[in-house]
Amino acid sequence: MEHAPSLKIHIIGSVGSGKTTLARKLSKKYSIPHYELDNVVWERRDSGDDRRRTEQERDHYLNNLTQSNAWVIEGVHYEWVSSSLKAADYIIFLDVEYKTRLHRIIRRFVLQKIGIERANYKPNLHIFKKMFKWNADFETRMKPAMEEMLHIHQHKVIRVGNGKDI
């Protein structure tokens, strides 16, 4: 039986930066599992009535994921993911242009509403508006904080500005 390679990748970036798309591609290419941090935060239920995990549950769940020898973990979250960043062989920081992210947010919403793209949440106007706010907050608040946090891991950070960089 062939074993998956020992490869741990953490992908971080704003809403609409391409984290999930890249994670899925890497997961498929290297035959390693892919985890979305939103699904670490939220316990997904078939009823659609998702439950937010407690900090302790969330941290325990993430620590369990990082114990395996191969994974791709992706998400915008940065305050509580130190165990994943520390364990990662590579950290890919998707620093995609603001306008590109806006376009992707709109495109994703339309594709989710017409049922072409799957969503972990109910795609409604409330969440759509929140994505625009999160995207703007990324530039002013989150990106500087992420860059400061990633400084200690700079030897394994790969900064990507667009798909051609990959």
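The values are calculated or read from the model by the stated rules, or taken from the named source; none is laboratory data. Worth saying up front: this structure is predicted, and the values here are computed from it rather than measured. FYI the Cβ positions are ideal-geometry reconstructions off the backbone, even for glycines, and counts take in every protein chain you see. For the accessible areas, the whole protein counts, side chains as well, though only heavy atoms, and no ligand, DNA or RNA atoms are used. Shrake-Rupley method; radii C 1.70, N 1.55, O 1.52, S 1.80 Å.
Provide, as a two-decimal number, the C-alpha radius of gyration of the chain over 2.2 N^0.38 Å, N being how many residues it has. Write out the running numbers ahead of the final one.
On the way: Rg = 15.8 Å, N = 166, 2.2 N^0.38 = 15.3 Å.
Rg over 2.2 N^0.38 Å, computed on Cα atoms: 1.03.
Determine, from the Cβ-Cβ distance of Lys122 and Ser83 and an R0 of 30 Å, the FRET efficiency 1/(1 + (r/R0)^6), rounded to the nearest 0.05. It comes out at approximately 0.50. Over the chain, DSSP H runs of length four or greater, each weighted -39,500 (n - 2.57), average out per residue to a 222 nm ellipticity of -13000 deg cm²/dmol. Across the accessible surface of the range 7-160, with the other protein chains kept in place and a 1.4 Å probe, carbon and sulfur atoms take up 52 percent.
Using a 10 angstrom Cβ neighbour count of at most 10 plus a DSSP loop assignment to flag exposed GluC sites (Glu not before Pro), which longest range of the chain is free of such sites? All intermediate terms of the calculation are to be shown ahead of the outcome.
Numbers: sites that count: Glu2, Glu79.
With GluC sites (Glu not before Pro) excluded where exposed in loops, the chain gives 80-166 as its longest stretch.
Residues whose amide H lies under 5 Å from that of Leu7, counting only those 5 or more places away or on a different chain, are Ala70, Trp71; hydrogens are built 1.01 Å from N in the peptide plane. Once the Cβ-Cβ distance of Lys28 and Glu97 is raised to the sixth power relative to R0 = 30 Å, the FRET efficiency obtained is 0.70.
Full extension of the chain between Ile114 and Trp42 gives 23.5 nm of extra length, using 0.36 nm per residue less the Cα-Cα distance. For Lys122, the aspartates and glutamates whose Cα comes closer than 18 Å to its Cα, not counting residues fewer than 8 places off in the same chain, are Glu36, Asp38, Glu43, Asp46, Asp49, Asp50.
Among bridges DSSP assigns within the chain, what percent are antiparallel (round to 5)? Each step should come with its number before you reach the end.
On the way: 2 of 19 bridges.
If we restrict to bridges inside the chain, about 10 percent are antiparallel.
Across the cross-link table entries Lys25/Lys156; Lys8/Lys113; Lys99/Lys130; Lys29/Lys129, which are compared at the Cα atoms, the separations over 27 Å belong to Lys8/Lys113; Lys29/Lys129. If R0 equals 22 Å, the separation of the Cβ atoms of Asn63 and Lys156 corresponds to a calculated FRET efficiency of about 0.70.
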